[in-house]
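A quick write-up on the structure given underneath.
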Amino acid sequence: MGNTRLTQFLPYLVVGLLALFPLVESTFYTQLLTKVLIMAIFAMSLDLLVGYTGLVSFGHAAYFGLAGYALALMAPKYETVSLWWSLPAAIGVCALFALVTGTLVLRTRGIYFIMVTLAFAQMLFFIFHDTKIGGGSDGIYIYAKPTMKLGDVELVNLEKLEQFYWLTLALMAAAYLLLRRVLGSNFGRALLGIKVNEHRMRALGFPVFRYQLASFTLSGALAGMAGYLAAVQYGFVNPEILSWHQSGAVLMMVILGGMGTLYGSVIGAFAFVLLQEVLSNQAWFGPSAKHWQLAMGIFIMLVALYLPQGLAGLLARFGRSPVMEAADE
Amino acid sequence: MSDKTPILRTKGLTKRFGGLVAVSDVSLDLHIGEVHVVIGPNGAGKSTLTNLLSGDLPPTSGEVVFEGQDIAGCTADHISRLGIGRSYQKTNIFLPFTVFENCRLAAQSRTPHALRVFHRAEGYQDINRLAQEAMAAAGLSHRAQRVAATLSHGEQRQLEIAMCLATQPRVLLLDEPLAGMGPHESQRMVELIKGLGAGHAIMLIEHDMDAVFALAHRLTVMVNGEVLESGTPEAVRSSPAVQQAYLGGEELLHD
């Protein structure tokens, strides 16, 4: 616990080092790391629900994918769209969708909550898969990446890999700081209370549903931010972006990294994406690379068995949550 | 007893679970400055009655009038915010949190800035003070930084009361606060409840007869969901019906 200064300083150090990455590394790794950072935002948004509000959502890809489709449908076909309004608009669409679905799914708990969130995501999947709104199962291409201009000066052009990387890094850091701030407030403490003992929170006078809905909406909005960036990176969206595989993958990142720590989600995203990259590398693993999911499954099982607090549990010795400070007096 | 209008009154309060009538036509009054003790054998409907008053369960029929307003069927959080606090028979606290955080969270529920999302939770002096006072009242100040799960059973019961107090209720519904406590801790708790009696309306469910007669201004005996007898402790103690049905004739007089 004497390391609190180190743990306070560490996130800035990590972000600082990550910011230097594109200067020294190749295009391939910059792209890979961009993907990691996007998934880190996505995983943090889910950790807000799973780790801090006690709601295990198995349909979080709905908000991720919806933002991707929002961008694809908002962008003019062959011209660049302005980052200024398209990103907030995509986030807004997701927040609104989360607000509406939240009022329904939050009437259920536990296993039913898992099923209902999954059902909503599947509904969205089939809407985009079976109708022509978003190009059906083929999806839509985003031919020109968004840019950010001030007057005639181009501030950010996401066509440029480094700029896209830095923007993603900045947004991830912003998402982290925002969530840290929110979770350290009365609102965040109430969410934790709801996670630990929802019944008692109600008896103490907390309107539990409203807190959960606010958390659900914020979570959906942040997932949307990640989904927007993912759509920009791939340059197209298809229904796969909303599939339950995607929801499962992000849930695994959160669990792998360690629920309820926030930085665990970042670690989980790193581990998951990098492992997937390594295990599916045919140069290294030959034909068995096709079966990377088997090896990934074994890895996740091992973590679940021996590190119940996830990879973040390894780091937990350096810092403790202030609420639970004197655990071993 | 007091002639003033009660702060909380029930009329014909009834709760059915399918064919079982857990609480049947119960009418009782709670006054500020009075400890109203409810006794009765297991299964008499005491805890269900508490749940009906606190909003944990909606009544099947009947009224719960708090300060002239019918609150029957209101949600638990709404009733809590009106100023009716409760403790649970089975300890119901936030086990992974510190004692202070348990009380701080309880106190936070009373503040309008609960939804301000950018200020640090510890930064509100009014909330912290309420939490400190509640811990002090329940005799837990020296345990402030302990994680609730590591407290002794008796201390957890004290915390249960402290959390209830931190919400600044005017009506306290205490469901067997002495359950499982040692003699020393029980004595403490009786003194605490006695002290609270002056400024609050208290409904106390209790089995410990020493505590019951040390605290009760008014005593209600429930059997099979119904009120068998209600009145001053002396009147109830000498009621033949009570002696026969609940106290087994002798038990109470010679304990």
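The values are calculated or read from the model by the stated rules, or taken from the named source; none is laboratory data. The shown structure was predicted, so the numbers you read here are calculated from the model rather than taken from an experiment. So basically every Cβ, Gly included, is an ideal-geometry build from the backbone, and we count neighbours across all protein chains shown.
Can you go through B:Leu95, B:Leu173, B:Leu115, B:Leu105 and tell me which one is within 11 Å of chain A (Cβ to nearest Cβ), modelled with pLDDT of 95 or more, surrounded by fewer than 22 Cβ atoms within 10 Å (Cβ to Cβ) and under 19 Å from A:Phe206 (Cα atoms)?
Only one candidate qualifies: B:Leu95.
Restricting the search to the range B:1-26, which residues are part of a loop (DSSP other than H, G, I, E, B) and at pLDDT 95 or above?
B:Ile7
In this structure, is A:Ala214 within 14 Å of chain B (Cβ to nearest Cβ) and at pLDDT 95 or above?
Against the criterion (within 14 Å of chain B (Cβ to nearest Cβ) and at pLDDT 95 or above), A:Ala214 qualifies.
Are there any pairs with C-beta distances below 9 angstrom linking a residue in the range B:145-167 that is under 16 Å from B:Leu192 (Cβ atoms) to a residue that is surrounded by 24 or more Cβ atoms within 10 Å (Cβ to Cβ) and of a type in the set (D, E, K, R), with the two at least 6 apart or on different chains, and if so which?
These pairs meet every condition: B:Cys164/B:Arg86; B:Ala166/B:Arg104.
So B:Leu178 passes all but one of these: (1) surrounded by fewer than 18 Cβ atoms within 10 Å (Cβ to Cβ); (2) over 26 Å from B:Arg129 (Cα atoms). Which condition number does it fail?
(1)
May I ask you to say which residue of B:Ala137, B:Ala131 is more than 14 Å from every other protein chain (Cβ to nearest Cβ) and over 13 Å from the mean Cα position of the chain (by Cα)?
Being more than 14 Å from every other protein chain (Cβ to nearest Cβ) and over 13 Å from the mean Cα position of the chain (by Cα) holds for just one of B:Ala137, B:Ala131, which is B:Ala137.
Any idea which of A:Leu178, A:Leu183, A:Leu161 is touching a residue at least 60 places away in the same chain (Cβ under 8 Å) and at the interface with chain B (Cβ under 10 Å from one of its Cβ atoms)?
That would be A:Leu183, the only listed residue that is touching a residue at least 60 places away in the same chain (Cβ under 8 Å) and at the interface with chain B (Cβ under 10 Å from one of its Cβ atoms).
Look through the range A:234-251, keep the residues that are over 12 Å from the mean Cα position of the chain (by Cα) and crowded, with 21+ Cβ neighbours inside 10 Å, and return whichever of them is farthest from A:Asp138 (Cα to Cα).
Per the stated criteria, the residue is A:Leu242.
May I ask you to list pairs of residues, at least six apart or on different chains, whose Cβ atoms are under 6 Å apart, with the first in the range B:32-58 being within 17 Å of B:Ile79 (Cα to Cα) and among the acidic types (Asp, Glu) and the second being modelled with pLDDT under 95 and part of a strand (DSSP E or B)?
Within 6 Å, no pair qualifies.
Given the conditions (1) of a type outside the set (Ser, Thr, Tyr); (2) over 26 Å from A:Gly184 (Cβ atoms); (3) outside any helix (DSSP H, G or I), which single one is not true for A:Val56?
(2)
Would the range A:137-155 turn up any residue that is more than 30 Å from A:Pro22 (Cβ to Cβ) and among the hydrophobic types (A, V, I, L, M, F, W, C)?
Taking every residue of the range A:137-155 in turn, none turns out to be more than 30 Å from A:Pro22 (Cβ to Cβ) and among the hydrophobic types (A, V, I, L, M, F, W, C).
Residues in the range A:236-259: is at least one within 21 Å of A:Ala312 (Cα to Cα) and within 14 Å of another protein chain (Cβ to nearest Cβ)?
There is at least one residue in the range A:236-259 that is within 21 Å of A:Ala312 (Cα to Cα) and within 14 Å of another protein chain (Cβ to nearest Cβ).
Can you give me the number of residues within the range B:65-88 that are within 8 Å of chain A (Cβ to nearest Cβ), touching a residue at least 60 places away in the same chain (Cβ under 8 Å) and either assigned to a helix (DSSP H, G or I) or closer than 18 Å to B:Ser27 by Cβ (or both)?
Looking only at that region, the number is 1.
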